[in-house]
Ligand SMILES: Cc1cc2nc3c(=O)[nH]c(=O)nc-3n(C[C@H](O)[C@H](O)[C@H](O)COP(=O)(O)O)c2cc1C
């Protein structure tokens, strides 16, 4: 019925170590929770007695026509929520007429996904210490036909997720008594993973020091050794010079950074706090959105993620200045609940909720949704814009 139902199903199907990795926020998880709470606090304006028989959810994002203002955000380890998860989620996205972003930290490789789907997809890039390797990844994405590169800029270091540290999260899972017990209780998950070919970080494993399986380190230890606190706007300029297609900066929360982004030749930004997994204490993205959208001033595309759980949330994001919304966990819940069909269901639910919200607010075209659809300013009272 709703994304929450898919979440409950995923919790039953997926071993705890991976379900908890998906759910977690960094440190106190205050920003993760604020993403959802602040979204819900925004009240919409009900309008009545408007003929709504003709409606359009279609829009254009980064030059691509989408059936709705929606895309799947990059999430590492999707292939551990369900075997071949990245391929299945990408197929579901394309079948629904929207886009899919493949993470650098995926289980299925760029080449694997390219071979398994019919249309170009988007690729997300992390800048790691070894810039030669980063250049290689960019080349691989270009050869695979990826139509946009999402450069994630909010992870020069890993925001600690306590639960992953406690679980000793590693890929493939470390065989502790708890993991074995956990996996044995999910035979369908285990059967599919064991019968599948893909069980490691296929884009990076074997390409970087540490050897296969990163020499037995945990994900947190490995990330700490590879990610780079020196990353700066100079790297954005470098990446812009070697990547020929659309470039988007993912993880912009502050209007100053948005103004800096305008100078880079990037085609868009994603207002994101990484689903509350990085700077704990950062504002919710729906709170940050209006000011960032103001700073961008229509010169580049503005996407948003973090906390989108309903079609009403997509509507709120559009009303406060976004061109489209991206979903992380909402898609992963679908994946854990039922593979490709589960992701398809998640997209269908969100689309249906967005459509109903349009009818009840009297707006027949997603491109017409703007600040006038907001009934009240959210707590903190920031100026809505469009
Ligand atoms: C399990 C998980 C893994 C993630 N992995 C990545 C990643 O590899 N690269 C990245 O740029 N963002 C990653 N993110 C952040 C998402 O792209 C997105 O910003 C976030 O999930 C949006 O919040 P939501 O989950 O509330 O929709 C991840 C998020 C989750 C939940």
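Throughout, read-outs are computed from the coordinates displayed, never taken from laboratory work. These numbers were taken from a predicted model, which means no experiment stands behind them. A quick note on method: Cβ atoms are made from the backbone with ideal geometry, for glycine too, and the neighbour counts reach across all protein chains shown.
Quick check: pseudo-label points 7 Å beyond the Cα along Cα→Cβ at residue 43 and residue 139, how many nm apart are they?
Going by the 7 Å Cα→Cβ label model, 5.8 nm.
Counting only C-alpha contacts under 8 Å and six or more residues apart, can you give the relative contact order of the chain as a whole percent?
29
Can you compute the FRET efficiency between residue 95 and residue 232 using 1/(1 + (r/R0)^6), with r the Cβ-Cβ distance and R0 = 45 Å? Round to the nearest 0.05.
Result of the calculation: an efficiency of 0.70.
Please check which bits of region 307-336 a label hung off residue 12 would reach, taking the label as a point 7 Å along Cα-to-C-beta and the cut-off as backbone N under 17 Å.
Only 333-336 pass the distance filter.
Working from Cα positions, state the angle (0 to 90°, nearest 10) between the long axis of helix 3-13 and the longest principal axis of the chain.
Once rounded, one gets 10 degrees.
With everything on Cα atoms, drop me the angle between helix 329-361 and the longest principal axis of the chain, reported from 0 to 90° to the nearest 10.
10
Taking the Kirkwood radius as the inverse of the mean 1/r across Cα pairs, report the Rg/Rh of the chain.
Answer for the chain: 0.95.
Could you work out the helix-only [θ] at 222 nm for the chain, with each DSSP H run of four or more residues adding -39,500 (n - 2.57) and the total divided by the number of residues, to the nearest 500 deg cm²/dmol?
About -13000 deg cm²/dmol.
Using 18 Å as the cut-off for backbone N distance, which residues of region 133-167 belong to the label zone defined by a point 7 Å from the Cα of residue 197 along Cα→Cβ?
Answer for this model: 144.
Rounded, prolate or oblate: which fits region 146-187 when a ≥ b ≥ c are the square roots of the eigenvalues of the alpha-carbon gyration tensor, with rounded for a/c under 1.5 and prolate only if a/b beats b/c? Each step should come with its number before you reach the end.
On the way: a/c = 4.03, a/b = 1.84, b/c = 2.19.
Cα axes put region 146-187 in the oblate bin.
Under the classification rounded if a/c is under 1.5, otherwise prolate if a/b is larger than b/c and oblate if not, where does region 33-174 fall, given a ≥ b ≥ c as square roots of the Cα gyration tensor eigenvalues? Mind showing how you got there, number by number?
Details: a/c = 2.03, a/b = 1.38, b/c = 1.47.
Oblate.
For region 216-335, build the convex hull from the C-alpha positions and give me its volume per residue in Å³.
Hull volume normalised by residue count: 144 Å³.
Looking at the chain, send over the antiparallel percent of its DSSP beta bridges, to the nearest 5.
15
Between residue 115 and residue 224, what length in nm is gained on full extension when 0.36 nm per residue of separation is reduced by their alpha carbon distance? List each step's numbers first, then the result.
On the way: separation 109, 0.36 × 109 = 39.24 nm, distance 3.14 nm.
Going from the current span to full extension adds 36.1 nm.
If you fit an axis through the alpha-carbon atoms of helix 285-296 and take the longest principal axis of the Cα set of the chain, what angle between them do you get, 0 to 90°, nearest 10?
Here the helix axis deviates by roughly 70 degrees.
For residue 184 and residue 372 in one chain, what is 0.36 nm times their gap in residues minus the Cα-Cα distance, to one decimal in nm? Don't skip to the answer; put the middle values down first.
Numbers: separation 188, 0.36 × 188 = 67.68 nm, distance 5.25 nm.
Result for the pair: 62.4 nm of gain on full extension.
In whole angstrom, note down how far apart the Cα centers of region 1-67 and region 130-176 are.
If we compute the Cα centre of each part, the gap is 23 Å.
With 5 Å bins from zero, work out the P(r) of region 311-364 over every alpha carbon pair and list the percent per bin.
Histogramming region 311-364 at 5 Å steps yields 5, 20, 25, 22, 14, 10, 3, 0 percent.
Please give the contour-minus-distance gain from residue 53 to residue 177: 0.36 nm per residue of separation, less the Cα-Cα distance, rounded to one decimal in nm.
Full extension from residue 53 to residue 177 adds 38.9 nm.
Using square roots of five times the C-alpha gyration tensor eigenvalues, list the equivalent-ellipsoid semi-axes of region 279-386 in whole Å, biggest first.
So the equivalent ellipsoid measures 24, 18, 12 Å along its semi-axes.
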